[in-house]
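The values are calculated or read from the model by the stated rules, or taken from the named source; none is laboratory data. On a predicted model such as this, the values are computed, not experimentally measured, just so you know. Cβ atoms come from the backbone with ideal geometry, glycine included; neighbour counts cover every protein chain shown.
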Amino acid sequence: VFANVVRAPEDPILGVTVAYNKDPSPKKLNLGVGAYRTEEGKPLVLNVVRRAEQMLVNDTSRVKEYLPIVGLAEFNKLSAKLIFGVDSPAIQENRVTTVQCLSGTGSLRVGAEFLARHYHEHTIYIPQPTWGNHPKVFTIAGLSVKTYRYYSPETRGLDFQGLLDDLNAAPSGAIVLLHACAHNPTGVDPTPEQWEQIRQLMRSKGLLPFFDSAYQGFASGSLDEDAQSVRMFVSDGGECLVAQSYAKNMGMYGERVGALSIVCKSADVAVRVESQLKLVIRPMYSNPPIHGASIVAAILKDSHMYHEWTVELKAMADRIISMRQKLFDALQARGTPGDWSHIIKQIGMFTFTGLNAQQVAFMTKEYHIYMTSDGRISMAGLSSQTVPLLADAIHAAVST
Ligand code: PMP
């Protein structure tokens with residue numbers, strides 16, 4: 001009965017790892033997937049996560065009953081505080097509903113399903129370019145996806161005028177997907193002044209912000225700084241949605257821990273919104289997993305562990321920033337043609353190199369370096385040892 005099923009293509013991002021795994025070369029380097037690696041090229045479990053996990057394992061009073069549909073209440077409260085700030089008026093006024101979801105992707109998906117059912121405008125504007133899964137998540141939920149200009153290949157920076165023009169031309173009420181910080185794949189974020197202009201324009205046109213916060217703390221090393229864009233929108237009293245992920249900032253990738261928050265105009269609305277979120281979640285996966293959320297809650301609620309986390313998080317962010325400088329210096333030293341200053345200007349996990357698909361294919365074939373065909377490289381996958389190899393490969397790719 002399945003004889004006519006056609007073979008689907010690999011996911012463009014995860015497919016890079018599939019190709020990498022098949023390569024027998026000992027010097028191969030995977031800069032495709034956005035997961036942190038140590039200087040030794042190994043995955044990292046944070047010490048504070050190990051400690052929290054051990055505590056939970058030792059606590060024999062803990063059981064593995066189902067969580068409620070909306071997840072672990074304590075985790076939800078703490079997650080809202082983390083993104084909106086401890087003294088957020090929206091939280092104090094009970095205008096926020098937060099539900100635990102399956103990491104960032106699941107949070108986006110639940111938010112999208114809710115909007116498709118309960119929001120009058122079904123068009124969502126996403127930046128061009130954006131994370132490859134965004135259009136798929138929103139389309140499958142029944143929203144109609146359009147793009148707004150974001151990146152200028154000429155300046156390798158923000159196309160701010162294009163962004164403003166496109167949002168200005170969007171129909172009133174349209175949903176707008178915003179990367180809270182460390183825009184993926186470009187590493188280009190608006191300045192605080194530009195964010196303020198975006199906020200004013202969106203509020204004046206009644207556009208609904210849907211923030212994707214997958215990198216809080218990872219961009220600047222500061223959890224508060226990386227939440228500024230979101231807090232700016234919440235402090236004006238208007239509505240917004242936020243999808244949070246603990247994949248990167250706690251290294252909890254495979255535990256699938258995240259949260260969706262919907263900021264409403266009143267506590268009464270928030271209660272009704274939450275009741276509808278339950279109806280979205282129940283037939284999808286019934287309720288979320290308990291383990292990862294318990295680890296995150298244990299860390300967020302304990303001031304010592306929280307502090308330990310911020311130190312480890314900053315160390316990850318700093319290592320990525322130092323890789324930017326090292327790669328830039330290595331290209332300078334080789335006299336590689338072109339201006340590479342965007343490598344140190346961009347922020348977050350990725351550098352949008354400006355290399356084209358042909359140059360990427362060359363680097364994979366000749367140097368066994370793997371990355372997405374749009375020229376995005378994960379700085380978190382680099383180390384002092386591998387920077388020279390990457391610089392050689394880039395130099396050869398742009399010189400041929
Ligand atoms: N949004 C963006 C912009 C991302 O880069 C990612 C991860 N690559 C996600 C969401 C979702 O990640 P996860 O589902 O693993 O939390």
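Observations on the structure shown:
- Number of the condition not met by Leu78 [criteria: (1) in a helix (DSSP H, G or I); (2) more than 24 Å from the chain's Cα centre (by Cα)]: (2)
- Every residue from region 82-139 that is without any contact (Cβ under 8 Å) to a residue 24 or more places away in the chain and part of a helix (DSSP H, G or I): Ile91, Gln92, Pro135, Lys136, Thr139
- Number of residues in region 149-173 that are farther than 22 Å from Pro12 by Cα and in contact (Cβ under 8 Å) with a residue 24 or more places away in the chain equals 13.
- Flag for Val57 being more than 25 Å from the chain's Cα centre (by Cα), among the β-branched types (Val, Ile, Thr) and surrounded by fewer than 18 Cβ atoms within 10 Å (Cβ to Cβ): yes
- Unmet criterion (only one of (1) under 22 Å from His183 (Cβ atoms); (2) away from the ligand (no atom under 16 Å from the Cβ)) for Leu82: (2)
- With respect to (1) under 20 Å from the mean Cα position of the chain (by Cα); (2) closer than 30 Å to Val16 by Cβ; (3) among the hydroxyl-bearing types (Ser, Thr, Tyr), the lone exception for Ser152 is condition (1).
- Qualifying residue in region 165-175 (condition: of a type in the set (Val, Ile, Thr) and touching a helix residue (DSSP H, G or I) at 6+ places or on another chain (Cβ under 7 Å)): yes
- Filtering Ser88, Ser79 for residues that are touching a strand residue (DSSP E or B) at 6+ places or on another chain (Cβ under 6 Å), surrounded by 13 or more Cβ atoms within 10 Å (Cβ to Cβ) and either over 30 Å from Asp374 (Cβ atoms) or acidic (Asp, Glu) (or both) leaves a single hit, Ser79.
- Remark: pairs (first residue in region 323-340, on the phi > 0 side of the Ramachandran plot; second residue of a type in the set (Asp, Glu); Cβ separation under 8 Å; 6+ apart in sequence or on different chains) are absent.
- Looking across Pro185, Pro127, one residue alone is within 12 Å of the ligand (Cβ to nearest atom) and more than 23 Å from Gly254 (Cα to Cα). It is Pro127.
- Selection from region 290-334 of residues that are outside any helix (DSSP H, G or I) and either under 19 Å from the mean Cα position of the chain (by Cα) or closer than 17 Å to Val257 by Cα (or both): Ile290
- Val33 being within 16 Å of the ligand (Cβ to nearest atom), among the β-branched types (Val, Ile, Thr) and either surrounded by 10 or more Cβ atoms within 10 Å (Cβ to Cβ) or at pLDDT 95 or above (or both): yes
- Some residue of region 4-12 being touching an Asp or Glu at 6+ places or on another chain (Cβ under 7 Å) and in contact (Cβ under 8 Å) with a residue 12 or more places away in the chain: no
- Selection from region 170-208 of residues that are in a loop (DSSP other than H, G, I, E, B) and farther than 24 Å from Thr105 by Cα: Ala170, Pro171, Ser172, Thr191, Gly206
Conditions (1) away from the ligand (no atom under 16 Å from the Cβ); (2) under 27 Å from Trp309 (Cβ atoms); (3) modelled with pLDDT of 95 or more, marked per residue:
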| position | (1), (2), (3) |
| --- | --- |
| Val48 | yes, yes, yes |
| Pro68 | yes, yes, yes |
| Leu102 | no, yes, yes |
| Leu115 | yes, no, yes |
| Gly142 | yes, no, yes |
| Tyr150 | no, no, yes |
| Glu154 | yes, no, no |
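- Residue in region 190-209 that is at pLDDT 95 or above, touching a Lys or Arg at 6+ places or on another chain (Cβ under 7 Å) and surrounded by fewer than 24 Cβ atoms within 10 Å (Cβ to Cβ) present: no
- Of everything in region 335-364 that is assigned to a loop (DSSP other than H, G, I, E, B) and within 16 Å of the ligand (Cβ to nearest atom), the residue that is nearest to Val398 (Cα to Cα) is Gln346.
Residue-wise test of (1) closer than 26 Å to Ala298 by Cα; (2) within 16 Å of the chain's Cα centre (by Cα).
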| position | (1), (2) |
| --- | --- |
| Ala90 | yes, no |
| Val96 | yes, no |
| Ser103 | yes, yes |
| Gly111 | yes, yes |
| Gly132 | no, yes |
| Pro135 | no, yes |
